[in-house]
1. Using DSSP to define loop residues, name the trypsin sites (Lys or Arg not before Pro) in the stretch B:64-130 whose beta-carbon has at most 12 other beta-carbon atoms within 10 Å.
2. From the helices alone, meaning DSSP H stretches of at least four residues, give me the mean residue ellipticity at 222 nm for chain B, per-run term -39500 (n - 2.57), in deg cm²/dmol to the nearest 500.
3. Can you sort B:CYS88, C:CYS212 by how many other beta carbons sit within 10 Å, fewest first?
4. If the cut-off is 22 Å between C-alpha atoms, which lysines fall inside it for C:LYS2, apart from same-chain ones fewer than 8 positions away?
5. To test your reading of the geometry: what angle, between 0 and 90 degrees and rounded to tens, separates the Cα axis of helix C:12-28 from the longest principal axis of chain C?
6. With r defined as the distance between the Cβ atoms of C:ARG279 and B:ARG186 and R0 fixed at 25 Å, what FRET efficiency is calculated, to the nearest 0.05?
7. Name the residues whose placed amide hydrogens come within less than 5 Å of the amide hydrogen of B:ALA91, ignoring near sequence neighbours (fewer than 5 apart) on the same chain.
8. What FRET efficiency comes out for the pair C:ARG40/B:ARG313, r = Cβ-Cβ distance, R0 = 45 Å, nearest 0.05?
Amino acid sequence: MVAPSDPQGRGPVPDDQPRQNPVDDARTILTADDMARALVRIGHEILERNKGADDVVLLGVLTRGGPLARRLARVVADVEDQVDADAVVGVLDVTMHRDDLADQPTRALGTTSLPRGGIDSKVVVLVDDVLYSGRTIRAALDALNDLGRPRAVQLAVLVDRGHRQLPIRADYVGKNLPTAADERVRVLLAETDGRDAVLLDSNGRQR
Amino acid sequence: MTAYLLTGARPLGEESTDVLVVDGQIAALGATAADTAVDTAAERVDATGLVLLPGLVDLHTHLREPGREDAETVASGSRAAALGGYTCVHAMANTSPVADTAGVVEQVWQLGRDAGYVDVRPVGAVTVGLAGERLAELGAMAQSHAAVRVFSDDGRCVADPVVMRRALEYAKAFDAVIAQHAQEPRLTAHAQMHEGVVSAELGLAGWPAVAEEAIVARDVLLAEHVGSRLHVLHLSTAGSVEIVRWAKTRGIDVTAEATPHHLYLTDELVRGYDPRFKVNPPLRTAVDVEAVRAGLADGTIDIVGTDHAPHPREDKDCEWAAAAFGMTGLETALSVVQAAMVDTGRMTWADVARVMSVGPARIGRVADQGRPLAVGEPANLTLVDPAARRTVLPGEQATASVNTPFAGMELPGRVVATFLHGRPTVLDGRLVRPGDR
Amino acid sequence: MKHLLSAGDLSRDEAVLILDTAAAMAATQERAIKKLPTLRGRTVVNLFFEDSTRTRISFETAAKRLSADVINFSARGSSVSKGESLKDTALTLQAMGADAVVIRHSASGAPHVLARSGWTRGAVLNAGDGTHQHPTQALLDAFTLRRHLVGRRHGTDAAGQDLAGLHVVIVGDVLHSRVARSNVELLHTLGARVTLVAPPTLVPVGVEPWTCEVAYGLDDVLATGPDAVMMLRIQRERMADGGFFPSPREYTRSYGLDARRLARLPEHTIVLHPGPMNRGLEISADAADSPRAVIVEQVGNGVAVRMAALYLLLAGADRPTGETE
């Protein structure tokens, strides 16, 4: 398998960012409040675009897409009384569908779980933290293909940092963030990292 | 006339002296040697600090010719022997055809003379085709030009007690010895390695120590009963040492041999399934190695025999069960004995001469080998540098095969020169072709 | 983890990672579309020097479910006899571009020789070597034990957990059993207590350092209420000239698992067998078909465990497992 490389020739760019301790020169792009507002807005946009919440399910792309999908479901449920937030959320582990496995350390697999009603004929909104090369979303679309046949698939991301390597765009974006390829965007979530924030490290990507 | 003056050599590791070799004999020792050398225009060999030993004698060598010339020939094995410090080797009988007739043993004997690096003494088979059933024509072999005095089915055990008894008795007629490969065949069917903790873990069929010891015990009792000479080849277990020790105190005419690898290596090495460590009898435990060393030091074990067993590369380049048994040893034996016995303080160089030259020559009834370092004696000599250290490189050895278990190991001691009947076969650690001097 | 040669090579964390990965694989196998694209473009060679249709099919299924290309190479009959050498076969497979070689061989240590030789660059998976090791069998047994005895008993997902506190009894021909050797090592690593039960003739000399207890009486051991009983296959072909026990009938009487012995076990105790079974010899039909027997499930778990092993050996770059970026 030949892995595609990024424009700088550093090898493939994973969409999910490494989890590391904040460093001193990290710049805060979104505060906790900014993030909350962005998610509320996205939630409303989802309802607006789909003319309500009928048949809409939210699938978080592991790992940080999971909590984000749950938060969006709560936003939707707050607006639409008949929606049960827990019933419309699922998580998707796309590891087995990635095309860059040979260049990554082996990952422990996550567990995919679908909403109670499945995804057939539903509008599936994929939820992820950062949209970058687009390869994670491509893997997610492939994974969906094996799991069922949604009526439509949409994409919501907290941050779109550019540098796409595939013809993929997000339907809902928390923040568009122009970046250099050697910068790192890190999304911190209270559920996994103890606090909410989006940080930009300009000291280069680290292994 | 050929003459060599070895200057500053240490006979048996003792005080240094000069040794004059003239026309195949030791002509003078000490201060007179240098004076005499002037008259004879002797070539000088600087032997300062080197230990002088009587040329080594191996009672247990597989030269593979005739039949397996892809593994070794009499010529290549002879060169390896000379480089290892040997002046005489006994060529085992398990060739193809088997050395069970006067014709084959004379052929091997002649090939040895043609090669000219060591005296090659053929061993005759005890039974026809090594089948363990009918005695081979021991008398014919004894009376041939090869003058066979050692008979062995080595590689196989003379398992039938009646056949063994008859062989022991019959060999008395020409003062020959039966050298037994002690391995009870039923207890070792399909056996792959020493039976114990390691074999249990590795799932390799076990080769119990008792399979050797039962035969050693039986044979010493048979030898006692018929009043014959018995030699136990490659004794490898603590129990065998005990049995031989008991037999000697009882006055039984038994001699015993240990190999360098059983003095130095243990079954732990099998863990990597590397067939270089596959050998018959198998590598045993550290307890056994210690018992064999103790037995060699106290004289229970009389000699060190190499059991030099070359095999073509493909017979070791495979899975363990498919691999052949055997290790090469001629070019490492002296170093291993130094490491295991001399450098550990358990033996002197005089002891080394006893177990690697004098003893084997006496058991094999080789009149002009294993002689004292004295004026008038045949000049079969080995000079070894005990201070040298070397790493064993299989590709650089003279043997035609590379199956040494010591590959990559650093060993002490290096053979600097070997003299066969007064003529150097090795000088400065390099072979000297017989026609060159 | 570059190769999977011996169950004893696995640390506790590595073993748990394989079991967790196998659980994720098993989940994907409940879907309508079982095939995953993970190993697309990779080549897995099943190199079988010894007949074993079950094991070969299990590895083949696992590799295919991960979209690897599978080459089945059967070199039957050429194993220990000279002829087709392991080396030439391995070099041939290397020329075909094997990313992994699943090797089954009648000679103990053959996978180790292959892994060390440099004859193949691919990962080597031991699918059973002589009377030495069968690590994926031990892993699937551990996976089955964890599913039944850890997850259920504590009412939680068993992910991340080992087998601490379980008592597993392994009964039968330990001497010739690679399954027993692998299980003793792996189950100990995972915290379980293992008792081997066999007639003394079928226990290897040198068993003392093994991380288990050894007993000769089955009824006494069963009376201690083990959590699982694993019956080993009695290989009739090995018994023919061995004289390891007087008669099959006496063996069955002393060491066979039948309805009577089954009934005396605690309610939660499960029965395993690596297959193929000799019904009526080491296990009776009642025992084999009882609800406690998880023997058929072991087969399915075998695919999930082998998918996990192939994934962990082949999917990642050559770095230690469990390390995240």
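1. none
2. Per the formula, -7500 deg cm²/dmol.
3. Starting with the residue having the fewest Cβ neighbours, the order is C:CYS212, B:CYS88.
4. Candidates past the 8-residue exclusion: C:LYS64, C:LYS87.
5. Roughly 80 degrees, rounded to the nearest 10.
6. Here the calculated transfer efficiency is 0.15.
7. When sequence neighbours closer than 5 places are left aside, the close amide H contacts are B:ARG121, B:VAL123.
8. 0.70
All of the numbers you see were taken from the coordinates with simple rules; none came from a lab. Please read these numbers as outputs of a predicted model, since none were measured by experiment. Reconstructed Cβ throughout: ideal geometry from the backbone, glycine too, with neighbour counts over all protein chains shown.
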